[in-house]
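S.K.: Take this structure, written in structure tokens, and hold onto it; I'll ask about it next.
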Amino acid sequence: MTMTEGGCLVRCYNTGCGKQYDPAENTDDSCVYHSGAPVFHDAYKSWSCCDKRTTDFTEFLNIKGCAKAPHTNVKPVDTTKKPAEEDNAPVVTEVVKPPERMERPSEDTLLVPLPFNISASLQKHLNSLKTSSDAAAETVSTGSICQRKGCGKSKGDVTDEDVCVFHPGCPIFHEGMKYWSCCNKKTADFNEFLAQKGCKEDTHLWADPNQKKEAACRHDWHQTGDTVNFTVYVKNVKPEICKVNCNPVKLQMEIYFGEDQVFTFDKVLCGIVDPEKSKVTFAKTKVEVSLRKAEFVAWPKTFVQ
């Protein structure tokens with residue numbers, strides 16, 4: 001409010017006016033203003049009540065009003081401002097319930113052999129070793145056991161002419177059925193599965209369990225969203241006699257390599273896995289065990305102990 005000789009001047013709040021006026025001299029056409037709202041579009045500035053457009057903001061402010069009315073000192077209502085009761089309204093926060101965790105199976109659940117693959121480089125290396133070992137026959141003790149899957153005969157129970165009948169594939173346990181990947185004879189009974197006759201013939205692969213040498217190997221792990229991957233770094237591995245078994249919460253391994261050396265491993269897993277969707281890959285310089293997570297959660301570590 002401004003004081004003058006004639007009285008007090010007040011500011012007009014009509015859109016586009018903003019002048020100060022004497023209320024005693026306020027007539028019906030004293031105020032020239034814009035009855036519409038300002039419009040800003042594509043760098044142009046204009047009033048919705050008239051067609052004059054400009055890109056200059058100063059020119060926009062100087063556009064003369066298109067309507068007449070008395071001046072007013074009443075401020076327009078700000079429609080963008082929230083009512084006081086809305087400002088004081090309680091904030092509702094949506095609570096997202098975490099997914100329910102699976103019940104942890106027993107550590108004593110049946111351990112099943114994991115299916116495996118042999119890399120091309122390792123297979124080539126194994127073929128060369130087989131040729132050299134055939135050329136140099138060694139004396140085998142009578143206590144030696146055939147290491148081919150499905151055979152299990154002892155050296156003392158067979159003759160030199162005896163042929164090894166075995167399964168070259170890997171055991172598969174899926175939806176209650178048990179079978180070998182090489183012959184696909186399915187059964188639900190575990191004893192019948194063990195009694196299934198092999199589908200391939202070859203010489204016995206003898207190894208004396210009393211002559212194996214325990215060895216330490218470097219190993220590590222990493223995880224993705226749906227798998228936990230355990231790697232053992234070892235050369236000259238022998239996939240035919242290796243054992244990699246697991247249940248939902250435990251992993252056991254016997255990795256044979258070199259000259260009767262073996263890396264043994266028996267640990268309880270930190271999380272839960274699905275053995276039917278897990279696998280082993282034997283490569284020339286390492287053994288990779290890929291365990292499929294049963295729950296899509298991050299593991300803080302691989303093993304409990």
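The values are calculated or read from the model by the stated rules, or taken from the named source; none is laboratory data. None of these values were measured; they are calculated from a predicted model. Note that each Cβ is placed from the backbone with ideal geometry, even for glycine, and that neighbours are counted across all protein chains shown. Accessible surface areas use protein heavy atoms only, side chains included; no ligands, DNA or RNA. Shrake-Rupley method; radii C 1.70, N 1.55, O 1.52, S 1.80 Å.
S.K.: Could you list, in sequence order, all residues of region 38-65 that are open to solvent by 40 Å² or more (accessible area, probe 1.4 Å) and either within 24 Å of L9 (Cα to Cα) or assigned to a strand (DSSP E or B) (or both)?
M.R.: Hits for region 38-65 are P38, V39, F40, H41, Y44, R53, L61, N62, K64.
S.K.: When residues of region 207-238 are filtered for being at pLDDT below 90 and in contact with an Asp or Glu (Cβ under 9 Å, 6 or more places away or on another chain), how many remain?
M.R.: Residues meeting the conditions: 6.
S.K.: For residues that are among the hydrophobic types (A, V, I, L, M, F, W, C) and farther than 11 Å from V234 by Cβ, tally how many sit in region 254-268.
M.R.: The number of residues fulfilling the criteria is 2.
S.K.: State the number of residues belonging to region 273-305 that are among the charged types (D, E, K, R) and within 19 Å of V112 (Cα to Cα).
M.R.: 7
S.K.: Across region 216-236, what is the total count of residues that are surrounded by 15 or more Cβ atoms within 10 Å (Cβ to Cβ) and in contact with a Ser or Thr (Cβ under 9 Å, 6 or more places away or on another chain)?
M.R.: So the answer is 7.
S.K.: Output the residues belonging to region 143-160 that are aliphatic (A, V, I, L, M) and open to solvent by 50 Å² or more (accessible area, probe 1.4 Å).
M.R.: The one that is aliphatic (A, V, I, L, M) and open to solvent by 50 Å² or more (accessible area, probe 1.4 Å): I145.
S.K.: Could you list, in sequence order, the residues of region 5-20 that are within 15 Å of A69 (Cα to Cα) and not in a loop (DSSP other than H, G, I, E, B)?
M.R.: Hits for region 5-20 are R11, Q20.
S.K.: Could you say whether any residue in region 96-117 is charged (D, E, K, R), modelled with pLDDT of 85 or more, surrounded by 10 or more Cβ atoms within 10 Å (Cβ to Cβ) and more than 30 Å from S30 (Cα to Cα)?
M.R.: Within region 96-117 (the criterion being charged (D, E, K, R), modelled with pLDDT of 85 or more, surrounded by 10 or more Cβ atoms within 10 Å (Cβ to Cβ) and more than 30 Å from S30 (Cα to Cα)), the answer is yes, since at least one residue qualifies.
S.K.: Only one of (1) surrounded by fewer than 18 Cβ atoms within 10 Å (Cβ to Cβ); (2) under 28 Å from the mean Cα position of the chain (by Cα); (3) not β-branched (V, I, T) is not met by S278, so which one is it?
M.R.: With (1) surrounded by fewer than 18 Cβ atoms within 10 Å (Cβ to Cβ); (2) under 28 Å from the mean Cα position of the chain (by Cα); (3) not β-branched (V, I, T) applied to S278, the lone miss is (1).
S.K.: So which residues in region 21-35 are farther than 10 Å from G65 by Cα and either within 60 Å of the chain's Cα centre (by Cα) or surrounded by 15 or more Cβ atoms within 10 Å (Cβ to Cβ) (or both)? Let's see the steps before the verdict.
M.R.: Applying the first criterion (farther than 10 Å from G65 by Cα) to region 21-35 yields 21-30.
Result: Y21, D22, N26, S30.
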